[in-house]
Amino acid sequence: MLWMAVFIIVPLILIAVFAFTTTVKTDADGNILDAEALDALYEEYEEEYGEDAEPEIYERTIFTLANIFEVSRYMSTLLHSIWLALIATVICLILGYPVAYLISRLHFDRQKIMLMLVMLPMWMNFLLRTYAWMTLLERSGLINRVLGLIGLGPFQMINTPGAVVLGMVYNYLPFMITPLYSVMTKIDGRTIEAAQDLGAGSLRVMTRVVIPLSVPGVVSGITMVFVPAVSTFIISRMLGGGTNMLIGDLIDLQFLGNAYNPNLGAAMSLVLMVFILLCMSITNSIDDDDMEAALL
Amino acid sequence: MEKKKLVELKGITKAFDGEPVLRGIDLEVHDNEFMTLLGPSGCGKTTTLRIIGGFETPDTGDVLFDGARINDVPPHRRSVNTVFQKYALFPHLNVYENVAFALRLRKTPEREVSQRVAEMLELVNLRGFERRRVNNLSGGQQQRVAIARALISNPRVLLLDEPLGALDLKLRKEMQNELKALQQRTGITFIYVTHDQEEALTMSDTVVVMNGGVIQQIGTPQDIYNEPKNTFVARFIGESNILPGIMHRDFLVEFAGNNFECVDRDFAPMEPVNVVIRPEDIRLVEATEDTINGVVRRVTFKGVHYEIVVEAVSVNWIIHSTKAPEVGGIVGMTFTPEDIHIMHRSPDDALPLASDLAPMEEAAAEAAE
């Protein structure tokens, strides 16, 4: 409980506090001064006391919804982020599902090796991995050069939304495979045999038994990929160039960049969190039947 | 009346990772038969069943169904259904959908499905459980769902892989009777795998005793019990006193220091044999010159009878009797020629037997303490 309080609840409260507050300037009487009033005050002082006089100005933190409203100006970026993360998640699911299934049906010793191979790229630094893709996708990069040898291209690959999605898929695919695999290994081989025994061929064993039983893995796999993908800023910065800014980049700018405004950054984070929760509740509400129907 | 052969296994061998599991199985299963494959764990009985079900392919040999070779027919195309060990129900479906599974695959009209499911649930006494989740059922109930699920598509043969293994003793007895009744009512051929000899004797028309990937004996429960073909069968089926002996000539055998009249014949003159006497066939009487006399070492109450260990001619004899003699007292043992079973001593006897019974050694070890 203490653990949760320290690492989850407290940061959340801090974000909320930042998101709903802003720092304003007030005069000695506590009246809030907007930019115009501030200028007027300075002018007044200058006239009355001369060049070097400074009016008494105080700072105060007040409750406001302005930050949240301001986030709506960046709604297109937010939706773009969600869209790219969604595409990446779907691709991860399509690629990861068969891989996880095949691994889960291997001999136990082989499973360990295969799982290690899946995790292998994760041992390399995240930045380095993504940087490697930069050099591959560049206009004068390896892929274009190889294509050039057979008279194709060069293609514009880097700095496209496609490159960002590729980066997401590449980086987060293990997060899809691992939860799927761990749910699938728990499916009793005899349950599959029972389905065969009762007349189900391979396809219907999949649709009627394996897929419904692996729904929990699908849900957690989607979560594990979608959430980091939607809030990433490294991948979009390295592979997307300036044109494919994601919400993560914007938040980063508010805290560490030149647009320094932690209150707006916190508000963005909060809105993003609401959207993620919304997406996750939709995912979680998918029951077995819908899943089956969706994949048929 | 010669019954129709339904399933035939011819010279089946199978090895896993180079380890032979079946070493040449020949078996005929007839229409409407209740056949039990009986043996200790690792004897190959489950593998045999899985080969019939189509989950394993034999390395050599043929599987015939109704005269046609089905070695390469996948499980979902065989008119054989299986009740799996630990049931293997579909955890994401309720009782109704579990039972209906096979019919749903065939796109059966809904009305027929509900009618058939109702029939099957009636058959296994599970009416009113349709909407229950299978994980919330007791072992016995899950068992019934598994049987209903396997029977709904009217298979020609039902394979049962230790279906009662997870149930407690009382429920097991009840289910034994129910299964037997079910088999007789439906007329479906049952091939039943178990390591429980009592279960095999109670339910089967034919018992196949297996050990080390080889069929040891095929026969009716009475044959198997009364005329075990070798010491393995004798030890595995019920308890036995097994003594080394010499067959002097037809109807005369020497063991335990005496010559006894017996009913066996056609042995080589002076052939070394094993003599089997069932514990319940030995009568305890007053010690006289005509009886085998010994000291009572141990008396254990077993409910219906006492198990008595008597040391005589440096062997521990196991006797079942309803009367308990005094421990340490001298008793005489007697039996009739019909109670003496003679069997050839085979090279296999030298192998360590997988039987968990081995009453002689156990008793000897206890006596030695």
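The values are calculated or read from the model by the stated rules, or taken from the named source; none is laboratory data. Keep in mind that what you see is a predicted model, and the values were worked out from it rather than measured. Quick reminder, even Gly has a Cβ in these numbers, built from the backbone with ideal geometry, and neighbours come from all protein chains shown.
Observations on the structure shown:
- Of the set (1) of a type outside the set (S, T, N, Q); (2) outside any helix (DSSP H, G or I); (3) surrounded by 22 or more Cβ atoms within 10 Å (Cβ to Cβ), all apply to A:Ala229 but (2).
- Summed over region B:121-145, the residues that are within 14 Å of chain A (Cβ to nearest Cβ) and surrounded by fewer than 20 Cβ atoms within 10 Å (Cβ to Cβ) give a count of 2.
- If the condition is being crowded, with 16+ Cβ neighbours inside 10 Å and either modelled with pLDDT of 90 or more or under 27 Å from B:Ile224 (Cβ atoms) (or both), then region B:281-291 contributes B:Asp281, B:Ile282, B:Leu284.
- Enumeration of residues in region B:36-95 that are assigned to a loop (DSSP other than H, G, I, E, B), crowded, with 22+ Cβ neighbours inside 10 Å and away from chain A (no Cβ under 14 Å): B:Gly39, B:Cys43, B:Gly44
- Boolean, B:Ala148 is outside any loop (DSSP other than H, G, I, E, B), among the small types (Gly, Ala, Ser) and within 14 Å of chain A (Cβ to nearest Cβ): yes
- Only one of the listed residues (A:Val209, A:Val164, A:Val183) is more than 14 Å from every other protein chain (Cβ to nearest Cβ) and either crowded, with 22+ Cβ neighbours inside 10 Å or not charged (D, E, K, R) (or both). That residue is A:Val164.
- A single entry from A:Val183, A:Val218 fulfils the requirement of being part of a helix (DSSP H, G or I), in the same structural domain as A:Ser269 (by TED's automatic domain parsing) and free of Cβ contacts under 8 Å to residues at least 60 places away in the same chain: A:Val183.
- Against the list (1) more than 29 Å from the chain's Cα centre (by Cα); (2) assigned to a helix (DSSP H, G or I), the condition B:Lys107 fails is (2).
- Test: B:Val193 is in a helix (DSSP H, G or I) and either touching a residue at least 40 places away in the same chain (Cβ under 8 Å) or not assigned by TED's automatic domain parsing to the domain that holds B:Ile12 (or both): no
- Qualifying residue in region B:158-166 (condition: buried (at least 19 other Cβ atoms within 10 Å of the Cβ), of a type in the set (D, E, K, R), touching a residue at least 60 places away in the same chain (Cβ under 8 Å) and farther than 21 Å from B:Asn81 by Cα): no
- The residue of region A:1-45 that is surrounded by the fewest Cβ atoms within 10 Å (Cβ to Cβ), among those that are over 15 Å from A:Thr61 (Cα atoms) and aromatic (Phe, Trp, Tyr), is A:Trp3.
- Residue identified as of a type in the set (S, T, N, Q), in a loop (DSSP other than H, G, I, E, B) and in contact (Cβ under 8 Å) with a residue 12 or more places away in the chain among B:Thr288, B:Thr202: B:Thr288
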